[in-house]
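The structure appears right after this line, and notes come after that.
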Amino acid sequence: MTSNVTLRDKFLGCIAGAHIGSAMGAAVEGWSYQKIEETYGTVDRPLSYEHYNNGWKREPGTTEDGIERQKLMITAIIEKQDRVNAEDVKNMWIRDIKPISIGMVSEPFEATLLAMAKSGIPARDLGKYCDYAGLNSFARSCHPIGLINAGDVKGAKEDVLEVGQLYQTSNSRGLKWATVTAVSIAAATTPNATVDSVIGAIYDNCDQDLVVKEIDKGLKHTANCTDFRELRVAFDDIYSGKGTPYAFASANEVVTKGISIFRMVKGNLKEAMISGVNLGRDIDCITAVASGISGSLTGVSSLPEEWIKQTDYATSVNIYTNSQRTIKETADGLFDAYQARLARMQNFIKEMASV
């Protein structure tokens with residue numbers, strides 16, 4: 001039962017799940033589960049790691065490109081105190097992305113999109129110039145879109161299709177899959193939400209032919225899996241792409257696995273995180289999806305406090321990050337923005353009801 005989890009704690013659980021889960025997964029991103037097991041047994045804590053062969057040994061808990069992408073959305077929402085559009089987030093790109101961060105905490109294609117954004121091109125046109133239409137770049141980072149639309153599933157879906165045009169073509173496969181993440185988070189924040197009600201919101205609101213059919217297949221295929229070891233073997237039969245750029249990072253694979261983990265662990269945040277980071281392939285993204293949705297349902301109580309402290313410390317010494325807010329400062333900023341949005345809606349209702 002999640003009826004005793006406050007909405008503020010759900011916001012905190014979502015952000016902690018996405019940020020810590022991404023950081024834990026980044027240490028073994030792209031590895032096979034066999035290599036993970038041979039090297040670590042089970043990854044059960046934040047680890048130090050390197051990315052992009054740039055010589056930077058990152059502190060355990062250091063977040064990666066997906067969370068840097070997310071932080072720009074978060075800043076836009078906090079400053080606007082409301083839902084945001086593509087132009088709002090593009091303005092944060094131009095203002096807050098540091099020149100020194102290119103190649104350190106972002107993917108190469110993002111440098112191209114940033115240069116185009118600075119040229120004055122409309123925000124909704126930027127995604128047309130990304131070569132990877134089915135990539136999970138937005139599906140694994142759109143959590144704040146779900147939170148500012150807490151309880152408003154349709155609003156969350158609309159905003160994903162709007163803001164996501166920064167990264168991918170309008171109504172593309174990648175954006176349709178991204179709606180799953182935001183819809184799930186918006187549904188998980190509703191009073192008395194359950195794992196079944198969250199999955200039901202996906203079935204009712206996401207693309208039936210492209211998205212729901214594949215998620216349904218994945219859930220049925222893994223229905224008898226009781227832990228991540230069984231789950232990763234079961235998915236070997238379905239997802240094994242390799243040999244092309246971002247072969248591990250297709251949104252359909254990452255999101256289907258994330259939802260399957262969420263269902264398997266019944267929304268427990270710590271279990272979702274451990275399951276995700278030991279699954280193999282694009283596990284920082286898989287974990288961000290599974291843990292972000294789980295935290296939105298059950299809050300942060302299952303997480304060890306030291307994981308939060310370590311991630312906050314890593315952020316405080318990260319000179320490349322787009323924001324050095326702590327996890328709690330981030331979640332509280334989003335929660336306050338949501339409360340401001342509700343207050344405006346309530347005032348509008350009161351005003352119009354008096355006419």
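The values are calculated or read from the model by the stated rules, or taken from the named source; none is laboratory data. All values reported here derive from a predicted model rather than from experimental measurement. In this analysis, Cβ positions are derived from the backbone assuming ideal geometry, glycine residues included, and neighbour counts consider all displayed protein chains.
Check region 343-352 and report whether any residue there is part of a loop (DSSP other than H, G, I, E, B) and either among the hydroxyl-bearing types (Ser, Thr, Tyr) or modelled with pLDDT of 95 or more (or both).
No, there is no match, as no residue in region 343-352 is part of a loop (DSSP other than H, G, I, E, B) and either among the hydroxyl-bearing types (Ser, Thr, Tyr) or modelled with pLDDT of 95 or more (or both).
What tally of residues in region 291-312 results from selecting those that are more than 15 Å from the chain's Cα centre (by Cα) and either surrounded by fewer than 21 Cβ atoms within 10 Å (Cβ to Cβ) or of a type in the set (A, V, I, L, M, F, W, C) (or both)?
12
Taking region 216-268 as the region of interest, how many residues are part of a helix (DSSP H, G or I) and either modelled with pLDDT of 95 or more or surrounded by 23 or more Cβ atoms within 10 Å (Cβ to Cβ) (or both)?
Here is the first cut: in region 216-268, the ones part of a helix (DSSP H, G or I) are 216-221, 228-236, 251-264.
Those left that are additionally either modelled with pLDDT of 95 or more or surrounded by 23 or more Cβ atoms within 10 Å (Cβ to Cβ) (or both): 216-221, 228-235, 251-264.
Residues meeting the conditions: 28.
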Counting only residues that are surrounded by fewer than 22 Cβ atoms within 10 Å (Cβ to Cβ), under 15 Å from Glu64 (Cβ atoms) and of a type in the set (A, V, I, L, M), which one in region 98-142 is modelled with the highest pLDDT?
-> Met104
Within region 166-183, of all residues that are free of Cβ contacts under 8 Å to residues at least 60 places away in the same chain and of a type in the set (Gly, Ala, Ser), the one nearest to Ile215 (Cα to Cα) is Ala182
Filtering region 128-184 down to residues that are farther than 23 Å from Ala26 by Cα and of a type in the set (Phe, Trp, Tyr) yields Tyr129
Would you mention how many residues in region 4-35 are in a helix (DSSP H, G or I) and either of a type in the set (Ser, Thr, Tyr) or under 16 Å from the mean Cα position of the chain (by Cα) (or both)?
-> 18
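Against the definition (within 19 Å of the chain's Cα centre (by Cα), in a helix (DSSP H, G or I) and surrounded by 20 or more Cβ atoms within 10 Å (Cβ to Cβ)), how does Leu72 come out, yes or no? Can you show your working first?
Values: within 19 Å of the chain's Cα centre (by Cα): yes; in a helix (DSSP H, G or I): yes; surrounded by 20 or more Cβ atoms within 10 Å (Cβ to Cβ): yes.
So Leu72 passes the test.
Within region 36-58, can you find the residues that are assigned to a helix (DSSP H, G or I) and in contact (Cβ under 8 Å) with a residue 12 or more places away in the chain? Lay out the reasoning, then the answer.
To start, the set of residues in region 36-58 that are assigned to a helix (DSSP H, G or I) comprises 36-40.
Correct list: Ile36, Glu37, Tyr40.
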Meets criteria (surrounded by 22 or more Cβ atoms within 10 Å (Cβ to Cβ), hydrophobic (A, V, I, L, M, F, W, C) and touching a residue at least 24 places away in the same chain (Cβ under 8 Å)) for Ala186 | yes
So Gly200 fits all but one of (1) within 25 Å of Ala331 (Cβ to Cβ); (2) assigned to a helix (DSSP H, G or I); (3) not charged (D, E, K, R); what number is the exception?
-> (1)
Only one of (1) surrounded by fewer than 21 Cβ atoms within 10 Å (Cβ to Cβ); (2) in contact with a helix residue (DSSP H, G or I) (Cβ under 9 Å, 6 or more places away or on another chain); (3) closer than 27 Å to Phe228 by Cβ fails for Ile274. Which number is that?
-> (1)
Residues Lys71, Lys57: which one is closer than 18 Å to Ser316 by Cβ, in contact with an Asp or Glu (Cβ under 9 Å, 6 or more places away or on another chain) and at pLDDT 95 or above?
-> Lys71
Give me the pairs, please: first residue somewhere in region 144-165 and touching a residue at least 24 places away in the same chain (Cβ under 8 Å) and more than 14 Å from Thr189 (Cα to Cα), second residue anywhere and among the hydroxyl-bearing types (Ser, Thr, Tyr) and buried (at least 19 other Cβ atoms within 10 Å of the Cβ), beta-carbon distance under 8 Å, and either six or more positions apart or on two chains.
-> Lys157/Thr179
Quick one: what pairs do we get from region 326-340, first residue farther than 15 Å from Ile185 by Cβ and without any contact (Cβ under 8 Å) to a residue 40 or more places away in the chain, second among the hydroxyl-bearing types (Ser, Thr, Tyr) and surrounded by 21 or more Cβ atoms within 10 Å (Cβ to Cβ), C-beta under 8 Å, 6+ apart or different chains?
-> Thr326/Thr315
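Any idea which of Gly61, Gly66 is assigned to a helix (DSSP H, G or I) and surrounded by 15 or more Cβ atoms within 10 Å (Cβ to Cβ)? Talk me through it step by step, then tell me what you get.
Details: Gly61 fails: assigned to a helix (DSSP H, G or I).
Only one candidate passes the filter, namely Gly66.
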Of the conditions (1) assigned to a loop (DSSP other than H, G, I, E, B); (2) surrounded by fewer than 21 Cβ atoms within 10 Å (Cβ to Cβ); (3) touching a residue at least 12 places away in the same chain (Cβ under 8 Å), Val84 clears all except one; give me its number.
-> (2)
